[in-house]
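The values are calculated or read from the model by the stated rules, or taken from the named source; none is laboratory data. Predicted model only: the values in this text are computed from it and were never measured. Don't worry about glycine lacking a Cβ; one is built from the backbone with ideal geometry, like all the others, and counts go over all protein chains shown. For accessibility, only protein heavy atoms count, side chains too; no ligands or nucleic acids. Shrake-Rupley method; radii C 1.70, N 1.55, O 1.52, S 1.80 Å.
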Amino acid sequence: MQQPTGVGTPPPIPASDGGAAISIKGIGKEYTTDAGPVRALLPTDLEIKPREFVVLLGPSGCGKTTLLRMLGGLIAPTEGTITIGDRQLFAEGETQPSREALGSLGFVFQQATLMPWRKIWKNIALPLEVTKVPKKERRQRAEELAGMMGLSDFLEHYPRALSGGMQQRVAIARALIHRPSILLMDEPFGALDAMTRDRMNAMLQQLWMDTGKTIVLVTHSISEAVFLADRIVLLSQRPGRIQDIVNVDFERPRAGEASKDPRFAEIVQYLRRQLGEV
Ligand SMILES: Nc1ncnc2c1ncn2[C@@H]1O[C@H](COP(=O)(O)OP(=O)(O)O)[C@@H](O)[C@H]1O
Ligand SMILES: [Mg+2]
């Protein structure tokens, strides 16, 4: 199928010369269950460039979370290798991720999973407590991140005082506290109402532009994918495989009005067709 205008031809996967932020080679996953093996993801190759904003898009159950959790070192691949910068996260057949590579990664889940008994600043600084960073430095870093995420007035509050959107900002601050170069986000705004979600997407775009992080975000929302992504990686129904890669080269920052641009609608339509929704 012809790709619409506003969508560039996907660039060829470059040879790994250490220049990629993330290099995925032959990564696949088969879960072992009582009912037998479940193949969630077929062996997959993908290279993600530093500072790229990549969105993994696909129907429910197609293996998006599986792929992202392997990238985050949270579950081990059945086959293949993952390289983060110049460090291997998983070598072939390895079930334990390399600690050095993990240091480059921050992970944000669909739920904020804050500790209700800890103040906001202590939730943000939690990863530094685990690595035994002195309290003064923890507090200073938490204040910095809170400032960046618009949370400065809430440092002494407890999570229950914050809205869902604010709680997710805390989760993002916590994921950034150890200065990872890569942020992995699994449907981070999926539990929020539509208006909050739009605001969070605009905030995330700004954060990405300001910090130069590499972001890999999972969603099943086509419009969210087109709003945020440099590149959309479309996964097929389970067992997941890459069905298509779509470049989105609208200028930044994109505003809510971007969705009124006919090129935006054209990409959305294209993706809906690819997903079999129309
Ligand atoms: N721990 C698990 N054990 C067995 N099967 C699983 C497990 N986690 C996910 N799956 C299965 O793998 C497939 C992909 O799941 P997932 O990666 O969560 O998809 P998505 O995030 O795209 O909705 C689904 O069919 C799901 O039921
Ligand atoms: Mg999922």
Quiz item: Rolling a 1.4 angstrom probe over the protein heavy atoms, how many square angstrom per residue are accessible across the chain?
Solution: 47 Å²
Quiz item: What is the Cα convex hull volume of the range 16-94 when expressed per residue in Å³?
Solution: 88 Å³
Quiz item: For Arg263 and Arg199 in the same chain, what is the full-extension length gain: residue separation times 0.36 nm, less their Cα-Cα distance, in nm?
Solution: 20.9 nm
Self-check item: Binned Cα-Cα distance frequencies in the range 168-278 - 5 Å width, integer %
Solution: 2, 10, 21, 24, 21, 14, 7, 1, 0
Exercise. Scan around Arg87 for amide H atoms under 5 Å from its own, H built in the peptide plane at 1.01 Å from N, and keep only partners 5 or more places away or cross-chain.
Key: none
Practice problem: State the Cα centre-to-centre distance between the range 216-270 and the range 134-198 in whole Å. | Solution: 25 Å
Quiz item: Over the range 114-179, what percent of the accessible surface lies on carbon and sulfur atoms, probe 1.4 Å?
Solution: 54 percent
Quiz item: Using a 1.4 Å probe on the protein chains only, how many percent of the accessible area of the range 203-246 belongs to carbon and sulfur?
Solution: 44 percent
Quiz item: Farthest toward the dipole's positive end in the range 114-179, which of Ala142, Met166, Val130, given Cβ charges of +1 (Lys, Arg) and -1 (Asp, Glu) about the Cα centre?
Solution: Val130
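Could you size up the charge dipole of the chain around its Cα centre, putting +1 on the beta carbon of Lys and Arg and -1 on that of Asp and Glu, and report it in debye to the nearest 20?
My answer is approximately 840 debye.
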Exercise. First obtain the Kirkwood hydrodynamic radius of the range 114-179 from its Cα pairs, then insert it into the Stokes-Einstein equation at 37 °C and 0.692 mPa s, and state the resulting D in µm² per second as a whole number.
Key: 291 µm²/s
Quiz item: For Gln111 and Thr33 in one chain, what is 0.36 nm times their gap in residues minus the Cα-Cα distance, to one decimal in nm?
Solution: 25.5 nm
Quiz item: What are the residues whose amide H is under 5 Å from the amide H of Leu41, where those residues sit 5 or more places off or on another chain and H is modelled from the backbone?
Solution: Lys29, Gly240
Practice problem: Just check the chain against the gyration tensor rule for me: Cα atoms, a ≥ b ≥ c as the square roots of the eigenvalues, rounded for a/c under 1.5, and otherwise prolate or oblate depending on whether a/b exceeds b/c. | Solution: oblate
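Per the helix-only calculation at 222 nm, which mean residue ellipticity applies to the chain, given -39500 (n - 2.57) for every DSSP H run of n ≥ 4 and division by its residues, nearest 500 deg cm²/dmol?
Rounded to the nearest 500, the figure is -9000 deg cm²/dmol.
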Practice problem: Can you pull the one-decimal nm distance between simple spin-label points at Thr95 and Glu137, each 7 Å off the Cα toward Cβ? | Solution: 3.5 nm
Quiz item: Which is farthest toward the positive dipole end of the chain among Gly85, Thr211, Leu176, measuring Cα position about the Cα centre, with Cβ charges +1 (Lys, Arg) and -1 (Asp, Glu)?
Solution: Leu176
